[in-house]
Amino acid sequence: MEQKKKKKSAVKEVVSWLIYLIIFAAVAFFLIHYVGERTVVSGDSMLPTLQNGDNLIVDKLSYRFRDPKRFEIVVFPFRYQEDTYYIKRIIGLPGETVQIHDGNIYINGKVLNESYGREAIRNPGLASEAITLGEDEYFVLGDNRNNSADSREPSVGNVQKQDILGRALIRIWPFEQVGLLGI
């Protein structure tokens, strides 16, 4: 009798652990695929804001409920290379006209007041002519304006809302720079 109780107790314990592990795996799957994802910065296109090797958490949930905002840092796939993602800052919003002239960014004909790109832009690329963004298009730039593949280049171009994975929300590494990536 005592042995049967111990056997039932052990089976019950194993089943409860299996249920716990299944629930944990389901929650982890949900969080990774729908809420947040860790990504690593590769390159210098977002200097001085983000450094090569910085580890970030990307918020994949917010843009299901609201549109991206100007100056938010977003992550999106590079369309010509699988498993390659770009991290850039939103500059132009849907319906706006963007142009770069004499090193300055113009939105709807007015100079954009911003302090993320601290140097005059030497190569306006596609934005040397006015670009009117479509209904779901965003114009993105790296903070290191003269060393960034971004919406100025045909290989990147305007970014569709549906292609934005999410916004870079938190830097989790290096430890001395942990914090929110607010605008």
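Ordered by 1.4 Å accessible area with all protein chains kept, LYS88, LYS110, LYS161 run largest first as LYS110, LYS161, LYS88. Packing around the peptides 138-147, 96-105, taken as the average count of other Cβ atoms within 10 Å per residue, puts them in this order, highest first: 138-147, 96-105.
Report the extension gain between SER62 and VAL15 in nm, rounded to one decimal, defined as 0.36 nm multiplied by the number of residues separating them, less their alpha carbon distance. Additional length available on full extension: 13.3 nm.
Of the peptides 61-69, 44-52, 11-19, 165-173, the order by per-residue mean of other Cβ atoms within 10 Å, starting with the highest, comes out as 165-173, 44-52, 61-69, 11-19. Quick one: grab the alpha carbon gyration tensor of the chain, order the square roots of its eigenvalues as a ≥ b ≥ c, and give me rounded if a/c is under 1.5, else prolate or oblate depending on whether a/b is larger than b/c. Prolate, because a/c is 1.5 or more and a/b exceeds b/c. Rounded to the nearest 0.05, the FRET efficiency derived from the C-beta distance between GLU135 and ILE172 at R0 = 25 Å is 0.15. As a fraction of the 1.4 Å probe accessible area of the chain, surface on carbon and sulfur atoms comes out at 55 percent.
The values are calculated or read from the model by the stated rules, or taken from the named source; none is laboratory data. Computed from a predicted model, the values in this text were never measured in an experiment. Here the Cβ is made from the backbone with ideal geometry for all residues, glycine too, and neighbour counts use every protein chain on show. Each accessible area value is taken on the protein alone, full model and side chains, heavy atoms only, with ligands, DNA and RNA left out. Shrake-Rupley method; radii C 1.70, N 1.55, O 1.52, S 1.80 Å.
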